Structure formats: structure tokens, C-alpha cells
Amino acid sequence: MATYDFDMGILGGGSGGLTVASGSAQLGAKTLLVEKEKELGGDCLHYGCVPSKTLIHTAHVYHLMKNASRFGLPSAGVGPVDFREVAGRIQSVIQIIQRHDSEERFCKLGVKVEIGEPSFVDEHSVRLNGKTLSAKNWVIATGSSPAVPSVPGLDQTPYVTNRDLFSFERLPESMIILGAGPIAAEMAQAFCRLGTRVDVIQRSDQILSNEDQDLADQVMKVLEGEGVVFHMNTSILSARDLGREREVRIKTKEGETISLRAEALLAALGREANLKGMNLEGIGVPYDDKGLKLDERLRTNHRHIYGAGDVTGTHQFTHAAGYEGGIVVSNVIFHLPRKVDYTYLPWCTYTQPELASIGMNEKRAKAAGIEYEVWAEEFKDNDRSLAEGEHVGKIKMLLDKKGKPLGVQILGPRAGDLVCEWVAALNGGIKPMTLAAAVHPYPTLGEINKKVAGTYLSSKIFSERVKKGLRFFFHLRGRACGPGES
Ligand SMILES: Cc1cc2nc3c(=O)[nH]c(=O)nc-3n(C[C@H](O)[C@H](O)[C@H](O)COP(=O)(O)OP(=O)(O)OC[C@H]3O[C@@H](n4cnc5c(N)ncnc54)[C@H](O)[C@@H]3O)c2cc1C
């Protein structure tokens, strides 16, 4: 039998790779983790979720300070933002979380961490820092990078990506954002709130194109209300460096050419999997820009080489990477043939209001040819929401014809937290009736979950048929007050 240096070899020390490393080492597998950067943690910790959510919160506080009078408070005279202070706070949050993802911690768990850029020499071995290291199983979890858009002149024009955004020396006066996906929308609002003039360029007529248009349009309206300028249905013609500014020329749907200028240019037009330079071609592992070609157990064509995280090219979220890491551990260590199932994978865009989603939305249900009905409740009817000055947004619950939940979309304050109740409900097969009957504390935003389920139930309980039956059996005598009487 062939022998290897390690039972498990992992390439990439981000959300996916760290999940596999901690799981496999704690289960007794001799584990190697190879990371190319000096520190573990990946994009989420250093250039993604953590810095972006920290920045978003800082921008939210500043927004509240500027709008103190809306809460019955004296207007506070707020000064301009010193971005070095903001960047400092971002770094301090990263440093705290970094301890959890440190090399020392993983070493204590039993993981051998190597820093460097590995390249496969055969399907069981990589060359790294002058050594050849072999493993019985490999997991590729090298994440993704911002896609470089093919815009004439962009290669000669300095632009920034999510890797630069959180360490600006000073707040840019103006910023053009290419793309209107979740990262673009979150950053557009955050920078605009901090005082940057923001223009967003989008090819189609909708931002956040995976979401239902009615909800995405509401997000856009809020951002527009705060000052973000959207250029919808436009194509990018060219980019140019003007020294102190960058110029982007766009063409509108009507054929008009417009020139936009800004101090910073942010490319947020999607992500490309980090798969080049590892000699995957040499060992015959197929991939494209989106990601690896994997089966449902996340195996490549070589059954002992797996993929997890953004390299799967499916759902590029930290929690998806963690979930996929768990699937890999089950398959490799327990030899359980576990397959991925993304039916109830939730996600959230952290604009304010947040937009969270689980299961089917109307767009996906229509595309799948599934018949559905929608039950909705608005945050303007939620007492806690009103108390907090939040009036925008709603919850949409999609049910199939038999009343089984297909999915839930929430646009509103703390939607990312509110969707967690639906994570449990949908994964646990809980019926709307159970949710409607469960007592929720008052006054909470979470009552909206109970209310939407209750509204659906009311339509069944308070039907004419039920009323007729109750009148017949219990001699109920009907209305005591008619329309127009009081
Ligand atoms: C601005 C922004 C905000 C985001 N916000 C959220 C959010 O709020 N919620 C959410 O769920 N997701 C969010 N994401 C997405 C999230 O960051 C990713 O989905 C997640 O990091 C993917 O984990 P991963 O393990 O696949 O990749 P990563 O975490 O990026 O880890 C990959 C690791 O592999 C290393 N690596 C790369 N190439 C090699 C190589 N050749 N050899 C060795 N190591 C290599 C990298 O250095 C990196 O450390 C955000 C992303 C961005 C950019």
C-alpha cells in the first residue's frame, strides 16, 4: 500500500480550508495546511466580510449622528471622516479575530501549517519551498479574486478592488463603482454615508440581480435617497487615467455617451477562482474561471482531490465554504458519501435595510417552473421597527400549492439575523402553523416572522367555510357591528 506524508493536505487557509483543517486534525487525521499569505484567515477575514461589515457599522453610526434630529435629539455637528481612524478600527477588529485563525491555534489542534505557493508534481504530491510533500487526500480551497473586467484602457488606469478598500490613507472624495452586486451595493452605501460621492454603473435594469426585482429596487431607492447615483442599463466603453482622477465613459440604453470622473475606481464585477499556478493542468484536474469541475461530493475527476469554498464556483459565501468543508471531512474521514445540498442555503446583503434570502424567491421559482403563492408583511406594521425609525422593507414567504414553504426573502432591519429563524424552520420542516402558534417576545423585529405565517393561517381559519361551520354547530350569530357603524 502506498504511504504518504499526510492523510489530508489542504491548499488555502481561508474559511473553507480552515474548516477542513480543524475537522480533520481533531478527528485524528495527519493534516497539512498550505497558505500562500503570511497569515491565515483568507479573504473573509482580511479583505471581505470582516472589514466590510466593520466599515458598514462605522458608516451606520456616522449616518445616525448626522441624522440625530430624526430621533428627537439635538443635531450633532459632525466633522469630516478621517479614514485612517476608520481603517485603524477595521484592523483592530481583524487582529482580534485573527487570533482565532492563528497558526499557533491550528498547530495546537495538530495541523502542520506551511506558508508558500504549492504546485502539484503528481496527483498525490506538491512541491513547496524546495520540498515534496505527499498526502492521501487533497482539498483545494484557494478562494477567489476580483475578476478583471475587459474594459478598454482599464489596464492603464489605476483601479482598486476589495483588497485596497479598507486601508485607504484618506476617504476618497468620489468613487465610481463598476458593477451592482452585493459587494458593490454594500460599499456604495458605506462610502456614500461617510461622505464620498458615489456613482454605480450597472449593465442591466436591476441591482443585486439574484434577488427579486421588487426588493432590489427598494434597496436601490434607499441608496439613491442617501445620494448614490446609479447608471442603469449602461455599457462601459472605456477607462482612462487623468492623473488626479479616473475617467469612465459609459453608453446609455438610448445611445448617449456619458463621461464620469472620480478619484477612485472600484472594480466589483464578479469573482474568479484562484486556480492558476498550481499545475492542476499537469495532473489533469479540469477547471475554468468560475471554478473546479466537481461532483456532488465535491470531488474532482481524481476522487481523492476535493474542492471547497469559492473555488466551487457556486455560492461564494463564508458559511457556504464552511458547509462545503464539512462535506469534505465527512467524505474523506468518515467515508460517508455526503452530497452538497444548497436548497436552504441562506445569504444576506448587508446594505441598510439588509436583504436576506433562503430557498426560492419569485425569480428562482419562476425559472424552475414551480407554482407558488406569496404572503407578505411590511416592516411599517412592526412596532419595534417603527420605534427604531425603520419603515422600509417587507418579508415575503413563498409557499407551494400545498402550503409548504419554498423560501423566504426579508428586506428590512437586521434581515440577516431574522432569516435565521427560517433557517431552522425550513431545515426542520416546520410548518407555518407551528411558527404562527409559537409565542414571540414583544416588541421584536422577529415578530414579523410569526406574523407572516399567521397571515397565511388566518386566511384558512377565518374563511367563510369555517365561519359557516361554526355558526351551524355552535349557533354563533355573526357580526355585532357592520361597515359604517361604530
Ligand atoms: C468585500 C467582500 C465582502 C464579503 N462579505 C461576505 C459576507 O458578508 N458574508 C459571507 O458569507 N461572505 C462574504 N464574502 C465572501 C467570502 O469572503 C468568501 O466567500 C469566503 O472567504 C470564501 O472562503 P474560501 O475559503 O473559499 O476562500 P478564502 O477565504 O479567500 O481563502 C482562500 C485562501 O487561499 C489562499 N490561497 C490562494 N491561492 C493559494 C495558493 N496557490 N496556495 C496556497 N494558498 C492560496 C489565499 O491566500 C486565502 O487565504 C465577501 C467577500 C468580499 C470580497
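The values are calculated or read from the model by the stated rules, or taken from the named source; none is laboratory data. Quick caveat, the model's predicted, so the values are computed rather than measured. So basically every Cβ, Gly included, is an ideal-geometry build from the backbone, and we count neighbours across all protein chains shown. SASA here: full protein model, heavy atoms, side chains in, ligands and nucleic acids out. Shrake-Rupley method; radii C 1.70, N 1.55, O 1.52, S 1.80 Å.
Checking the conditions here, which among Gly41, Gly48 is near the ligand (Cβ under 9 Å from one of its atoms) and closer than 20 Å to Pro118 by Cα?
Testing whether each residue is near the ligand (Cβ under 9 Å from one of its atoms) and closer than 20 Å to Pro118 by Cα leaves just Gly41.
Could we say that Gln156 is among the polar types (S, T, N, Q), touching a strand residue (DSSP E or B) at 6+ places or on another chain (Cβ under 8 Å) and open to solvent by 10 Å² or more (accessible area, probe 1.4 Å) here?
yes
Please go through the stretch 145-174 and give me each residue that is in contact with an Asp or Glu (Cβ under 7 Å, 6 or more places away or on another chain) and more than 12 Å from the ligand (Cβ to nearest atom), ordered by number.
Selection gives Gln156, Thr157, Pro158, Pro172, Glu173, Ser174.
Could you please let me know if Thr142 is of a type in the set (S, T, N, Q), within 15 Å of the ligand (Cβ to nearest atom) and buried (at least 21 other Cβ atoms within 10 Å of the Cβ)?
yes
Scan Leu265, Leu280 and give me the residue that is within 12 Å of the ligand (Cβ to nearest atom) and either over 27 Å from Met175 (Cα atoms) or surrounded by 17 or more Cβ atoms within 10 Å (Cβ to Cβ) (or both).
Leu280
Select, from Ser209, Ser235, Ser259, the only residue that is hydroxyl-bearing (Ser, Thr, Tyr), within 30 Å of Ala376 (Cβ to Cβ) and open to solvent by 50 Å² or more (accessible area, probe 1.4 Å).
That would be Ser209, the only listed residue that is hydroxyl-bearing (Ser, Thr, Tyr), within 30 Å of Ala376 (Cβ to Cβ) and open to solvent by 50 Å² or more (accessible area, probe 1.4 Å).
Considering each residue of the stretch 113-139, count those that are outside any strand (DSSP E or B) and away from the ligand (no atom under 12 Å from the Cβ), and give that number.
3
Is at least one residue of the stretch 166-188 part of a helix (DSSP H, G or I) and more than 22 Å from Gly412 (Cα to Cα)?
yes
Which ranges mark the helices (runs of 4 or more DSSP H) fully within the stretch 30-112 that have 2 or more residues being within 29 Å of Ala184 (Cβ to Cβ), out of contact with any Leu (no Cβ under 9 Å at 6 or more places or on another chain) and open to solvent by 40 Å² or more (accessible area, probe 1.4 Å)?
Once the helices (runs of 4 or more DSSP H) in the stretch 30-112 are filtered for at least 2 residues that are within 29 Å of Ala184 (Cβ to Cβ), out of contact with any Leu (no Cβ under 9 Å at 6 or more places or on another chain) and open to solvent by 40 Å² or more (accessible area, probe 1.4 Å), what remains is 49-66, 83-100.
Give the number of residues within the stretch 1-29 that are surrounded by fewer than 21 Cβ atoms within 10 Å (Cβ to Cβ), more than 16 Å from the ligand (Cβ to nearest atom) and in a helix (DSSP H, G or I).
1
Before we move on, is Leu435 open to solvent by less than 40 Å² (accessible area, probe 1.4 Å) and without any contact (Cβ under 8 Å) to a residue 24 or more places away in the chain?
Yes, satisfied.
Can you confirm whether the stretch 219-229 contains a residue that is more than 30 Å from Val374 (Cβ to Cβ), open to solvent by less than 50 Å² (accessible area, probe 1.4 Å) and either over 21 Å from the mean Cα position of the chain (by Cα) or in contact (Cβ under 8 Å) with a residue 60 or more places away in the chain (or both)?
Yes: one or more hits.
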